[in-house]
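Peer 1: Please see the structure below; I have some questions.
The values are calculated or read from the model by the stated rules, or taken from the named source; none is laboratory data. Model, not experiment: these values are computed from the prediction. Counting neighbours? That spans all protein chains shown, and the Cβs are built from the backbone with ideal geometry, glycine included. Quick note on the areas: whole protein, heavy atoms, side chains included, nothing else; ligands and nucleic acids left out. Shrake-Rupley method; radii C 1.70, N 1.55, O 1.52, S 1.80 Å.
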Amino acid sequence: MASHAERGMSAPPEVVFNTATDPDRSSAWLPEELRRSGDCQVEVVDAEDMRARWSTADWSAEIDVEPADAGGARVRLDLAGPDHALADEILANLDREVADNLTAG
């Protein structure tokens, strides 16, 4: 089963994409259910168009980050796996991690 979620973020798209694809930050925003197998690796599908994918034997997630009004970003997430209801939670977690990234930097 698959789900789709979208969320606006008040950070430049490059910051959102770099935060999402930073392996050191994935534990802060990817839920435990999606990280527990230990073989979850990010694959940058298209750096110019800011698309990336994560997958394991049980699930896959793909994000697409694009510019939005006022210098923000729009993030789309497609999630397939046993608990597809996590899509909104994943984007909320990513939004918090991006905000923390901006505050720290």
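Peer 1: Return yes or no: is E6 open to solvent by 80 Å² or more (accessible area, probe 1.4 Å), assigned to a strand (DSSP E or B) and free of Cβ contacts under 8 Å to residues at least 24 places away in the same chain? Walk me through how you get there before you give the answer.
Peer 2: Details: open to solvent by 80 Å² or more (accessible area, probe 1.4 Å): yes; assigned to a strand (DSSP E or B): yes; free of Cβ contacts under 8 Å to residues at least 24 places away in the same chain: no.
For E6, the condition - open to solvent by 80 Å² or more (accessible area, probe 1.4 Å), assigned to a strand (DSSP E or B) and free of Cβ contacts under 8 Å to residues at least 24 places away in the same chain - is not met.
Peer 1: Moving on to the next point. Please verify whether the range 10-30 includes one or more residues that are over 17 Å from D83 (Cα atoms) and among the aromatic types (F, W, Y). Steps first, answer last, please.
Peer 2: Here is the first cut: in the range 10-30, the residues over 17 Å from D83 (Cα atoms) are 10-28.
Subsequent filtering for residues that are among the aromatic types (F, W, Y) retains 17.
Yes, because at least one residue in the range 10-30 is over 17 Å from D83 (Cα atoms) and among the aromatic types (F, W, Y).
Peer 1: Kindly evaluate E14 against the criterion of being assigned to a helix (DSSP H, G or I) and not aliphatic (A, V, I, L, M). Walk me through how you get there before you give the answer.
Peer 2: Values: assigned to a helix (DSSP H, G or I): yes; not aliphatic (A, V, I, L, M): yes.
Yes, satisfied.
Peer 1: Residues in the range 63-91 that are under 18 Å from P13 (Cβ atoms) and open to solvent by 10 Å² or more (accessible area, probe 1.4 Å): how many? It would help to see each step written out before you state the result.
Peer 2: Filtering the range 63-91 down to residues under 18 Å from P13 (Cβ atoms) leaves 63-78, 90-91.
So of that shortlist, the ones also open to solvent by 10 Å² or more (accessible area, probe 1.4 Å) come out as 64, 66-71, 74, 76, 78.
Final tally of qualifying residues: 10.
Peer 1: Looking at the range 93-105, which of the residues that are farther than 15 Å from S26 by Cβ and touching a residue at least 12 places away in the same chain (Cβ under 8 Å) is most open to solvent (accessible area, probe 1.4 Å)? Write out each step before concluding.
Peer 2: Taking the range 93-105 first, the residues farther than 15 Å from S26 by Cβ are 99, 102-105.
Checking which are touching a residue at least 12 places away in the same chain (Cβ under 8 Å) leaves us with 99, 102.
Working: A99: 49, L102: 83 Å².
The residue in question is L102.
Peer 1: Kindly indicate whether any position in the range 41-61 is open to solvent by 50 Å² or more (accessible area, probe 1.4 Å), among the polar types (S, T, N, Q), in a helix (DSSP H, G or I) and at pLDDT below 95.
Peer 2: no
Peer 1: So if I check each of E66, E62, E48, E43, which one is of a type in the set (D, E, K, R) and touching a residue at least 40 places away in the same chain (Cβ under 8 Å)?
Peer 2: On the way: E62 fails: touching a residue at least 40 places away in the same chain (Cβ under 8 Å); E48 fails: touching a residue at least 40 places away in the same chain (Cβ under 8 Å); E43 fails: touching a residue at least 40 places away in the same chain (Cβ under 8 Å).
Sole residue among the options that is of a type in the set (D, E, K, R) and touching a residue at least 40 places away in the same chain (Cβ under 8 Å): E66.
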